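> Please read through the structure below; I'll follow up with questions.
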Amino acid sequence: MEKLFTTRKIRLLIDSDDIDQKKKILDTLYQWRYVCFKAANHIFTHHYVQQQLREMLYLTEGVRARLSDIKKDEYGILSTSRMNTSYQVLAQNYKGSIPMHVMSALNGNLVASFNKMSKALATGESGMPNFRKEIPVPFKGTDVKKLRSSKEGAVFHFLLFDIPFRTYLGKTGHDKREMLQRLLAGQVKLCTSSLVLDKGKVFMLAVFQTEPGEHELDQDVIAEASLSLDYPIMVSVGTKRYTIGNKDEYLYKRLAIQTAIRRKKKAMAFMNQNARRQLRKSTIENLMQSEKRYVSHKQHVYSKRLIEICLKNKAATLLLVDQTEKEQQAKEDPFLFRNWGYYGLKQKIERKAEKVGIAVLIE
């Protein structure tokens, strides 16, 4: 059975009451992130140079080069495997300043990414990526030790590279709590994940490996869903009709945020340069991020409700009616294209349907 991967963004707190220790740990995490930033550029640079060596055979006549281990290939130019070449560079430059499990996870992720885009790099269709200092700090799932729960499963504690963490799931973190409980029970597996540092806060992008849920579905039952302007989703299953959300509920807050952004931008005309820069960096960017989070949250809520309706009626197939035509209309209508988010909602529906074994057809 095909494996599925689910990512959850979980807020982490340093599990200590010692303020000095918490500050020291946070400083260490920021140092690790800076090392990952330098190491990421190192990895891509070395693999890019290796790839280009095959295009530079004019430097010496009769040279035949292959990017393979010379122990396995007589024309190989490497003393080890390609994956291990960059890991050796990382070990030589960064060993002792960061756990090497982090470097191993980073190397594995980026080598896989480089292999995917190597053809585009070779043909000039793509340029070398430049990694930013805000890069996540990767780690392997097995690096999470001593996972346990407290307060009736409301808080989870664990060690990551001997650093004590506890989770902060909030009031709306039911799905995250469920995934962690399943991890604790051994029902799911934690794969290579990462830590994200944002303005002194620590988040874990936890990647869980799951299997499609086993639900009793009837292959003869088809649910038809229509993504519309009046209602985000309208569903029909046989003679039953459902509506999910409404236009005013979805657009009210989004348009209010957009109005606030326009108001702030107009106010910038009467400010000096430093004040404009500060307003753009703080208030306006925060409002833009708030709009993105709101839209993503609503799309998750609507898509989840749709799949629940399909499961309730045992529908094995979900048909998105006239979806291609509506996406084309949205491209021609600036208001729809800017505000309705058909594509993001469709993606979330497809992902959730795949997890429970429902086939999605797009008309």
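> Does Lys247 satisfy being modelled with pLDDT under 80 and open to solvent by 80 Å² or more (accessible area, probe 1.4 Å)?
no
Every residue, every condition in (1) open to solvent by 30 Å² or more (accessible area, probe 1.4 Å); (2) at pLDDT below 80; (3) in a helix (DSSP H, G or I); (4) over 30 Å from Ser236 (Cα atoms), yes or no:
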{"residue": "Ala269", "(1), (2), (3), (4)": "yes, yes, yes, yes"}
{"residue": "Ala275", "(1), (2), (3), (4)": "yes, yes, yes, yes"}
{"residue": "Thr283", "(1), (2), (3), (4)": "yes, yes, yes, yes"}
{"residue": "Ser303", "(1), (2), (3), (4)": "no, no, yes, no"}
{"residue": "Phe335", "(1), (2), (3), (4)": "yes, yes, yes, no"}
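> For Tyr252, state whether it is free of Cβ contacts under 8 Å to residues at least 24 places away in the same chain and in a loop (DSSP other than H, G, I, E, B).
no
> Select, from Ile77, Ile14, the only residue that is modelled with pLDDT under 70, over 25 Å from Asn130 (Cβ atoms) and of a type in the set (A, V, I, L, M).
None of the other options fit; the residue is Ile77.
The values are calculated or read from the model by the stated rules, or taken from the named source; none is laboratory data. Just so it is clear, the structure is predicted and the values come from calculations on it, not from any experiment. All Cβ positions, glycine included, derive from the backbone under ideal geometry; neighbour counts span all protein chains shown. Just so you know, the surface numbers come from the protein's heavy atoms only, side chains and all, with ligands and any DNA or RNA stripped out. Shrake-Rupley method; radii C 1.70, N 1.55, O 1.52, S 1.80 Å.
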